[in-house]
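The values are calculated or read from the model by the stated rules, or taken from the named source; none is laboratory data. Computed from a predicted model, the values in this text were never measured in an experiment. Because the Cβ atoms are built from the backbone with ideal geometry, glycine has one as well, and the counts that use them run over all protein chains shown.
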Amino acid sequence: MYPVYDDDAALLLSLTVAAKRRPAALDEIITALAMAQHGEIPAKSKLVDAFARMGVCGLIAEAAGGYTLSAEAQAMMTGQRAKDDSATRLAHLKQQLSNFEPKVKHPSIQVTQEQLLAAIQSYRAAQHSHQGKNVQTDKPKSKSSWIPTKDLVQGKQHLSSKRRKP
């Protein structure tokens, strides 16, 4: 495959995350793309071209109203190390894409700029609705189940008044 664009590698990396268990919708792909690139989203025209290129190469397929990686792309992604950061993964993926030769020409995937604009706007609206909070963090534990670490280390536990002996 020649030439290799940054957006192609970022799109494949985001689809790896977004379409892990089922085909991903465009808004899920945009969210994963923003997470992979530290909040940066490529231009809509570049994403339309990336979808078309990856579809023609047979690395992305449409399925059940969403998009997923093909078997060839999944095989390409199995070589990624889990400990690498996004920049290292993108560089490694670009190297793999430069060595990739499609066997058969597939139909291109048609994603319109209007569809991408709607997905980007829903992503940005979700970011503003959470007021900068990370929505993927664990919920804080309630005060009633919280035991100070110092008391745990010393073997002291807070017991209810019914269990205490006078």
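Against the condition within 18 Å of the chain's Cα centre (by Cα), of a type in the set (Asp, Glu) and either within 24 Å of residue 117 (Cβ to Cβ) or modelled with pLDDT of 85 or more (or both), how does residue 49 come out, does it pass? Answer is no for this residue.
For (1) at pLDDT 85 or above; (2) within 22 Å of residue 45 (Cα to Cα); (3) surrounded by 11 or more Cβ atoms within 10 Å (Cβ to Cβ); (4) of a type outside the set (Phe, Trp, Tyr), each residue gets a yes or a no:
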position	(1), (2), (3), (4)
87	no, no, yes, yes
103	no, no, no, yes
109	no, yes, yes, yes
117	yes, yes, yes, yes
123	no, yes, yes, no
128	no, no, no, yes
132	no, no, no, yes
135	no, no, no, yes
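Going through (1) modelled with pLDDT under 85; (2) part of a helix (DSSP H, G or I); (3) surrounded by 15 or more Cβ atoms within 10 Å (Cβ to Cβ); (4) of a type outside the set (S, T, N, Q) one by one, residue 30 falls short only on (1). Annotation: of all residues in segment 92-101 being surrounded by 14 or more Cβ atoms within 10 Å (Cβ to Cβ) and touching a residue at least 40 places away in the same chain (Cβ under 8 Å), the one that is farthest from residue 10 (Cα to Cα) is 100.
Taking segment 52-62 as the range and being touching a helix residue (DSSP H, G or I) at 6+ places or on another chain (Cβ under 7 Å), crowded, with 22+ Cβ neighbours inside 10 Å and outside any strand (DSSP E or B) as the test, the residues that pass are 54, 59.
In this structure, does residue 65 turn out to be surrounded by fewer than 17 Cβ atoms within 10 Å (Cβ to Cβ) and either closer than 14 Å to residue 18 by Cβ or in contact with a Leu (Cβ under 6 Å, 6 or more places away or on another chain) (or both)? Criteria met by residue 65. Residue 7 - would you say it is crowded, with 17+ Cβ neighbours inside 10 Å, at pLDDT below 85, out of contact with any Cys (no Cβ under 9 Å at 6 or more places or on another chain) and on the phi < 0 side of the Ramachandran plot? Answer is yes for this residue. Apart from one condition, residue 32 fits all of (1) under 27 Å from residue 127 (Cα atoms); (2) among the small types (Gly, Ala, Ser); (3) touching a residue at least 24 places away in the same chain (Cβ under 8 Å); the exception is (3). For residue 49, the stated conditions hold: it is in a helix (DSSP H, G or I), free of Cβ contacts under 8 Å to residues at least 60 places away in the same chain and acidic (Asp, Glu).
For segment 73-85, what are the residues that are loosely packed, with under 13 Cβ neighbours inside 10 Å and assigned to a loop (DSSP other than H, G, I, E, B)? Answer for segment 73-85, where residues must be loosely packed, with under 13 Cβ neighbours inside 10 Å and assigned to a loop (DSSP other than H, G, I, E, B): 78, 79, 81, 82, 83, 84, 85.
Checking each residue in segment 1-27 for being of a type in the set (D, E, K, R) and either out of contact with any strand residue (DSSP E or B) (no Cβ under 9 Å at 6 or more places or on another chain) or part of a helix (DSSP H, G or I) (or both) picks out 6, 7, 8, 20, 21, 27.
It is to be established whether one or more residues within segment 63-72 are in a helix (DSSP H, G or I), among the small types (Gly, Ala, Ser) and without any contact (Cβ under 8 Å) to a residue 40 or more places away in the chain. Taking every residue of segment 63-72 in turn, at least one turns out to be in a helix (DSSP H, G or I), among the small types (Gly, Ala, Ser) and without any contact (Cβ under 8 Å) to a residue 40 or more places away in the chain.
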